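These notes are about the structure you will find just below.
Just so you know, all these numbers are worked out from the coordinates, no wet-lab data involved. All values derive from a computational prediction rather than experimental measurement. Neighbour counts are summed over all protein chains in view; Cβ atoms, including those assigned to glycine, are modelled from backbone coordinates with ideal geometry.
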Amino acid sequence: MSQVSQTGLQSSWLYAFWKFSRPHTIYGTSLSVLGLYVVAIALNNSIPFQNSSSVLSVLGAWVSCLLGNVYIVGLNQLQDVEIDKINKPHLPVASGEFTQRTGEIIVVITGVLALSLSWLLGPFLFAMVAISLAIGTAYSLPPIRLKRFPFWAAICIFSVRGAVVNLGLFLHFSWVLQAKQSIPPAVWALTWFILVFTVAIAIFKDIPDMEGDFQYNITTFTIKLGKEAVFNLSRWLLTVCYVGMILFAILGFTQVNSVFLIATQFVFLGLMWWRTQQTDLEDKSSIATAYKFIWKLFYLEYLVFPISCLLG
């Protein structure tokens, strides 16, 4: 085989792996690690990257979380191959780019590496990764397979993204910085914001997947309530997130820059309503575009909230 052909196969495999890892979740995980590190630095009045162990801790936490991320989304794809052939035919196992065996090997390796690396880096990080992987397994894997039940599916998603990740990472980085192990109000505010925001994402993501979910008896809020009801519920949950964060800032906590936080939340709230008003619920691509936009708002919160802590 020529070198050109080998290079093409390698790049094709890497692209398939990139799709397998679900890039939008990779971005969210990466920003949550960086954001919580900055929040820990700001609230503990510490010096960022003050020594090599601090740098290694951040990089190690990032890699551990990415490995755990791939395990969770990969396991879900392995269990949803037939559903994904209808809802997400571009995913590598559903499209045939990866065999079931290849997917299984990736999931096992990333799961073991995530647990092993986090174990070496500290108790809080290991607890966070282990709990996240346990919930992700219960979400996808029979016989439990909590994703069959809309309430428990939402609980799984927002408990990991909201509580486990935010609190676990903050405690880990505070431990690395040798700061006191307590959760300040600002971190609780971010945690509750992400909790509710992730509920909105969790129910919104099922809107374009209605056909495949119905065919394979996956009960979702979209199937029970209808697309329009779930779409509007998701928008109002996002509104609650932003209004809640604005109220938190108005209360005058010294840990954040209130003016900056209030201004950004008003802008994001307006953008969310403006963008979602343009969504056509009969057009799958339009729904997908709105879903991607909501994820971008999720990313932005992990940028502006740490900045507000630095400015506070």
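Distance in nm between label sites at Ala229 and Tyr15, each 7 Å beyond Cα in the beta-carbon direction?
4.2
What FRET efficiency comes out for the pair Glu82/Ile183, r = Cβ-Cβ distance, R0 = 35 Å, nearest 0.05?
Values: r = 42 Å, r/R0 = 1.21.
The value I calculate is 0.25.
Where Rh is the Kirkwood radius over the Cα pairs of the range 61-119, the temperature 37 °C and the viscosity 0.692 mPa s, what D in µm²/s does Stokes-Einstein return? Write down the numbers at each step before the final one.
Values: Rh = 11.7 Å.
My calculation gives 281 µm²/s for D.
At 1.002 mPa s and 20 °C, plugging the Kirkwood radius over alpha-carbon pairs of the range 95-146 into Stokes-Einstein gives what diffusion coefficient in µm²/s? Please report the intermediate quantities before stating the final value.
On the way: Rh = 12.2 Å.
Diffusion coefficient, whole number: 175 µm²/s.
Helix-only estimate, please: 222 nm mean residue ellipticity of the chain, summing -39500 (n - 2.57) across DSSP H runs of length 4 or more and dividing by its residues, to the nearest 500.
Details: 15 runs with 241 residues, N = 312.
Roughly -25500 deg cm²/dmol at 222 nm, from the helical runs in the chain.
If you plug each phi of the range 102-110 into the Karplus form 6.51 cos²θ - 1.76 cosθ + 1.60 with θ = phi - 60°, what whole-Hz ³J(HN,Hα) values come out, in order, with x for Gly and Pro?
Each residue's phi maps through the Karplus curve to give 4, x, 5, 4, 4, 5, 4, 5, 5 Hz.
Could you let me know the centre-to-centre spacing of the range 266-312 and the range 33-110, using Cα atoms, in angstrom?
The two parts, judged by their Cα centres, are 22 Å apart.
Please get the size of the charge dipole for the chain, origin at its Cα centre, with Cβ charges of +1 on Lys and Arg and -1 on Asp and Glu, quoted in debye to the nearest 20.
Value, rounded to 20: 300 debye.
On a full-extension model of 0.36 nm per residue, what is the gain between Thr25 and Ile155, subtracting their alpha-carbon distance, rounded to one decimal in nm?
Details: separation 130, 0.36 × 130 = 46.80 nm, distance 1.72 nm.
Taking 0.36 nm per residue and subtracting the Cα distance, the gain is 45.1 nm.
Mind giving me the nanometre distance, one decimal, between the label points for Thr102 and Glu282, set 7 Å out from Cα along Cα→Cβ?
The modelled label-to-label distance comes out at 3.9 nm.
Just flag the trypsin sites (Lys or Arg not before Pro) in the range 123-188 sitting in loop per DSSP whose Cβ has no more than 14 other Cβ atoms within 10 Å. Spell out each step's value before the answer.
Details: sites: Arg145, Lys147, Arg148, Arg161, Lys180; in loops: Arg145, Lys180.
Passing both the DSSP loop test and the Cβ count: Lys180.
Between Rg and the Kirkwood Rh of the chain, both from Cα atoms, what is the Rg to Rh ratio?
Numbers: Rg = 20.0 Å, Rh = 20.4 Å.
Expressed as Rg/Rh, it is 0.98.
Of Val93, Ile83, Val33, whose Cα points farthest to the positive end of the dipole of the range 29-109 (charges on the beta-carbon: +1 Lys, Arg; -1 Asp, Glu; origin at the Cα centre)?
So the residue we want is Val33.
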